[in-house]
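Q: Just passing along the structure, written as structure tokens.
The values are calculated or read from the model by the stated rules, or taken from the named source; none is laboratory data. Values in this document were obtained by computation on a predicted structure and should not be read as measured data. Using ideal geometry, Cβ is built from the backbone for each residue, glycine included, and neighbour counts are taken over all protein chains shown. Note: areas computed on protein heavy atoms with side chains; ligands, DNA, RNA excluded. Shrake-Rupley method; radii C 1.70, N 1.55, O 1.52, S 1.80 Å.
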Amino acid sequence: MSDVVSYQIVDNIGVVSVNSPPVNALSQKVREGILSAVTAAQGDASEAIVLRCDGRTFIAGADITEFGKPPMAPGLPEVLSAIENSSKPVIAAIHGTALGGGFEVSLACHYRCAIASAKVGLPEVKLGLLPGAGGTQRVPRIAGVKAALDMITSGNPVSAKTALGMGLIDEVISNDDLQAGAVQYAKDLVASGAPLRRIRDITIDPATVEPGFFDAARKKLAARARGAIAPDKIVSCIEAAVELPMDKGLERERELFTELVTSPESAAMRHIFFAERLAAKIKDLPKDTVLRDIKKVAIIGGGTMGGGIAMCFANVGIPVVMVEVTDEALQRGLGIIKKNYSITVQKGKLAEDQMEGLLGLISGTTDYNDIADVDMVIEAVYENLELKKQIFAKLDGVCKQGAILASNTSYQDIDQIAAATKRPQDVLGLHFFSPANVMKLLEVVRGEKTADDVLATSMAIGKKIQKVCALSRVCYGFIGNRMLGGYGRESQMLLMDGCLPTQVDSALEGFGMAMGPLAMGDLAGLDVGYKARQGRTDLPDDPKLYRMGTLLVEMGRHGQKTGAGFYKYDPETRRRLADPIVEGMIVDESNKLDIERREIDNEEILARCLYPLINEGALILEEGIAQRSSDIDIVYVFGYAFPAAKGGPMHYADHVGLKHVYDKMCEYRDLYGEQYWKPAPLLKELAESGKTFAQWDKERGAS
Ligand SMILES: NC(=O)c1ccc[n+]([C@@H]2O[C@H](COP(=O)([O-])OP(=O)(O)OC[C@H]3O[C@@H](n4cnc5c(N)ncnc54)[C@H](O)[C@@H]3O)[C@@H](O)[C@H]2O)c1
């Protein structure tokens with residue numbers, strides 16, 4: 001047939017086998033191979049056709065490297081028509097993950113069987129797309145409108161067992177040999193005179209859909225869309241599956257798919273997809289770096305972060321010892337972990353005995369000598385350099401040679417911490433985000449002397465505990481927190497110039513941030529920033545700077561933990577509510593500073609909050625703190641809930657145009673002063689040469 005698709009007749013059944021490693025993606029060659037095999041089978045002695053794959057999975061999706069390139073024949077719809085119109089039954093035999101276009105191929109078959117471990121799904125929404133080869137039309141026809149909507153708008157795959165219950169597959173094959181089981185299943189179908197069952201022939205009775213169902217679905221999805229436009233279009237496609245005949249529905253699906261594929265939202269989400277994979281690569285690390293074995297880990301400090309970090313390791317079966325100063329603190333730390341797992345059990349997401357297993361992996365001690373045998377230590381004590389240095393000196397004394405010594409510090413200098421030991425090559429930063437067992441990002445901070453194998457092992461262990469790792473060099477706040485400076489500052493400056501907190505936060509939430517900067521401050525605790533500012537000598541002497549943040553802390557309004565900050569919080573629901581006291585204070589403070597309050601639109605709010613963040617990103621790039629601009633995007637999307645549909649701050653800047661960002665920086669510099677608005681030289685250079693951050697990455701071989 002072709003070098004990626006073969007065909008043979010086994011026991012009167014035509015077997016089409018796809019063999020295109022690693023995941024049998026639907027490249028042009030695979031499409032062509034399937035088409036010619038199915039066409040050839042029409043005229044031979046076979047009684048039915050089984051479509052299966054070699055290797056680790058059934059067709060796992062489209063070949064996304066073909067996106068954005070001119071279409072190459074045959075297109076997927078042509079292949080699906082050939083399957084669907086076959087004169088003999090075509091049976092998909094699924095193992096691994098039949099995703100996206102792969103699952104759509106199986107839906108064009110007349111029957112689907114799968115082994116129990118298989119999964120099927122339509123994850124396109126995660127790339128800002130919708131299933132463009134009939135998925136939105138065929139799934140509701142067999143699984144029902146509601147199930148289809150949930151499946152396609154979530155993008156989450158379902159197990160073979162669930163798929164069987166939903167009618168998405170017809171048989172779970174118990175034979176270990178899927179091909180033999182599928183051939184037997186095909187023979188049984190032929191023997192029983194099973195019809196050529198085409199999903200396209202099913203019509204959905206509109207009366208089975210509750211009135212208002214689609215409007216309600218749209219509203220619900222809009223509330224959590226965060227700038228994504230695909231979910232709404234998926235609703236339109238499923239609506240078309242109910243209201244229109246199949247061919248018209250397919251046309252509608254194609255039309256909306258085409259709109260999405262060329263949309264900036266999907267471009268941004270695809271950028272993040274590739275950026276995530278790229279972030280795992282460290283440019284100058286030899287490929288053959290031998291990893292250290294990590295079989296046991298110690299966490300120093302069982303507070304907010306330590307507990308969450310311990311859970312990350314236990315969750316993947318790695319034993320953890322938690323070290324605390326007093327037995328009381330230790331019991332408190334272990335108690336919080338137990339409570340967190342219990343909540344998961346209550347939600348039905350974890351079985352009681354699994355919880356016991358996980359808790360059995362976490363032990364505690366107050367004696368540092370008990371961690372002499374661990375392979376990795378992660379320190380998560382108070383944010384105090386002297387304390388951290390003392391602890392690392394102690395670790396140097398007790399830990400075995402070759403153990404990796406990491407700090408979860410948010411701001412402190414990893415090189416100074418490393419210098420407190422006689423093995424600085426074994427020291428690095430592993431900066432988790434709160435809550436550590438939930439947030440996906442792990443900033444891996446490379447010290448001056450961090451050894452290659454320490455870095456490579458840490459990236460690998462980060463992946464093992466299901467984090468997205470991004471590499472940073474040492475600087476104050478590393479990539480993420482350093483960039484946050486101007487964002488937080490301007491969110492408060494805007495209050496003095498004319499905004500109220502709800503206006504600032506809703507502008508950024510409308511942009512897609514999970515939470516606006518002021519609400520975020522309330523969540524993190526306004527006292528944290530307040531204390532950090534106390535120790536800084538580099539801040540301009542400006543009464544406008546952080547004025548509200550400072551006043552609120554001095555009034556005892558530390559944010560959510562004290563029930564009030566920029567907002568007040570309903571004690572029952574913990575919902576945030578605008579607070580007239582704060583709003584009045586804001587106006588008074590502007591008056592005291594002789595600032596004439598003015599109307600400020602969303603565009604200005606976004607520019608003033610986001611452009612300083614982007615500008616700092618440019619400095620971080622030229623200083624070599626980040627390897628590439630796409631790593632910065634990863635930090636922001638996975639660590640700071642920046643909307644994936646905007647692609648992270650650097651991709652967003654490329655999208656709005658670096659010249660525009662630079663011009664605005666200059667405009668605000670002239671208005672508000674160079675101490676806050678100093679364009680980064682790299683931003684200026686790229687703006688003047690008409691280049692993007694992505695091009696800059698490429699020119700440096702970073703992408
Ligand atoms: N909380 C966050 O959102 C967050 C996010 C990322 C990083 N961090 C960083 O993580 C670190 C810990 O922060 P946290 O919020 O978990 O603090 P926390 O105050 O909740 O917990 C610190 C814990 O360390 C323990 N401790 C203090 N000295 C110790 C010692 N000598 N040996 C063992 N345990 C000791 C304390 O008893 C306390 O339980 C800090 O460096 C912080 O900057 C915090």
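Q: Sequence gap at least 6, Cα distance under 8 Å: using those rules, report the relative contact order of segment 530-603 to the nearest whole percent.
A: 17
Q: Let me ask something else about it. Count the DSSP beta bridges whose two residues both fall in segment 5-261, then state the antiparallel fraction as a percent rounded to the nearest 5.
A: Here the antiparallel bridges make up roughly 30 percent for segment 5-261.
Q: Okay, next question. Any idea what the dipole of segment 413-452 comes to, in debye rounded to 20, about its Cα centre with Lys/Arg Cβ at +1 and Asp/Glu Cβ at -1?
A: It works out to roughly 120 debye.
Q: For segment 234-304 and segment 344-400, write down the distance between their C-alpha centroids in whole Å.
A: 32
Q: For segment 423-433, in order, what is each residue's ³J(HN,Hα) by Karplus, 6.51 cos²θ - 1.76 cosθ + 1.60 with θ = phi - 60°, in whole Hz (x at glycine and Pro)?
A: Coupling constants for segment 423-433: 9, x, 5, 8, 9, 7, x, 10, 9, 8, 10 Hz.
Q: What is the local net charge at residue 139, summed over the other residues whose Cβ is closer than 13 Å to its Cβ (Lys, Arg +1; Asp, Glu -1)?
A: Once positives and negatives cancel, what remains is +1.
Q: Another question, then. Please work out the Cα center distance from segment 14-36 to segment 141-217, rounded to the nearest Å.
A: Result: 23 Å between the Cα centres.
Q: Going out from 0 in 10 Å bins, what whole percent of all Cα-Cα distances in segment 551-614 drops into each bin?
A: 18, 33, 40, 9
Q: Continuing with the same structure: Measuring with a 1.4 Å probe in the full set of protein chains, what accessible area per residue, in whole Å², belongs to the chain? Spell out each step's value before the answer.
A: Numbers: 30200 Å² over 703 residues.
On a per-residue basis, the chain sits at 43 Å².
Q: Something else about it: Assigning unit charges at the beta carbon (Lys, Arg +1; Asp, Glu -1) and nothing else, what dipole magnitude in debye, to the nearest 20, does segment 5-261 show about its Cα centre? Numbers along the way, then the final one.
A: Working: 26 positive and 29 negative charges, 130 e Å.
About 620 debye.
Q: Which whole number of Å³ per residue matches the convex hull of the alpha-carbon atoms in segment 81-142?
A: In segment 81-142, the Cα convex hull volume per residue is 83 Å³.
Q: Which ³J(HN,Hα) values, rounded to whole Hz and listed in residue order, are derived for segment 562-571 from phi using the Karplus coefficients 6.51, -1.76 and 1.60 in 6.51 cos²θ - 1.76 cosθ + 1.60 with θ = phi - 60°, glycine and proline given as x?
A: Values, residue by residue: 9, x, 7, x, 5, 10, 9, 10, 4, x Hz.
Q: Can you give me the pair-distance distribution of segment 297-474, C-alpha pairs, 10 Å bins, whole percents?
A: Cα pair-distance distribution for segment 297-474, in percent: 11, 41, 36, 11, 1.
Q: Roughly how many percent of the accessible protein surface of the chain is carbon and sulfur, given a 1.4 Å probe and a whole-percent answer?
A: 53
Q: Normalised by the empirical 2.2 N^0.38 Å for globular proteins, what value does the Cα Rg of segment 5-261 take?
A: Segment 5-261 yields a ratio of 0.97.
Q: Binning every alpha carbon pair distance of segment 30-95 at 10 Å from zero, what are the percents per bin?
A: Reading upward from the zero bin: 18, 50, 27, 5, 0.
Q: Another question about this same structure. Among 223, 238, 195, flag the residue with its Cα farthest along the positive direction of the charge dipole of segment 183-283, charges on Cβ as +1 for Lys/Arg and -1 for Asp/Glu.
A: Of the candidates, 223 comes out farthest on the positive side.
Q: Note down, for segment 477-703, the three equivalent ellipsoid semi-axes (square root of 5 times each alpha carbon gyration tensor eigenvalue), biggest first, whole angstrom.
A: Equivalent-ellipsoid dimensions as semi-axes: 31, 19, 16 Å.
Q: Now for a separate question. In whole Hz and in residue order, list the ³J(HN,Hα) couplings for segment 497-504 that follow from phi through the Karplus curve 6.51 cos²θ - 1.76 cosθ + 1.60, θ = phi - 60°; x for Gly and Pro.
A: So the J values, rounded to whole Hz, are 7, x, 8, 10, x, 4, 5, 5.
Q: Right, here's the next one. Compute the relative contact order of segment 5-261 as a whole-number percentage, counting only Cα pairs closer than 8 Å that sit 6 or more residues apart in sequence. Provide the component values of the computation, followed by the final result.
A: Working: 493 pairs, mean separation 45.6, N = 257.
That works out to 18 percent.
Q: Here's a follow-up. Between their Cα atoms, which of 295/394; 295/440; 347/646 are more than 24 Å away from each other?
A: Beyond 24 Å between Cα atoms: 347/646.
Q: Still on this structure: Nothing charged except the Cβ atoms of Lys and Arg (+1) and of Asp and Glu (-1): what's the magnitude of the dipole of the chain about its Cα centre? Round to the nearest 20 debye. Provide the component values of the computation, followed by the final result.
A: Details: 79 positive and 92 negative charges, 144 e Å.
In total the dipole reaches around 680 debye.
Q: Pairs of Cα atoms under 8 Å, at least six residues apart: use those to get the relative contact order of the chain, whole percent.
A: 9
Q: Shifting gears a bit: Suppose we take every Cα in segment 56-170 and form the convex hull; what volume per residue is that in Å³? Each step should come with its number before you reach the end.
A: On the way: hull volume 11.4 nm³, N = 115.
That works out to 99 Å³ per residue.
Q: Give me the tail of P(r) for the chain as a percent: Cα-Cα pairs with distance above 45 Å.
A: 31
Q: Sticking with this structure for a sec: So how far, in whole Å, is the C-alpha centre of segment 615-669 from the one of segment 505-565?
A: 22
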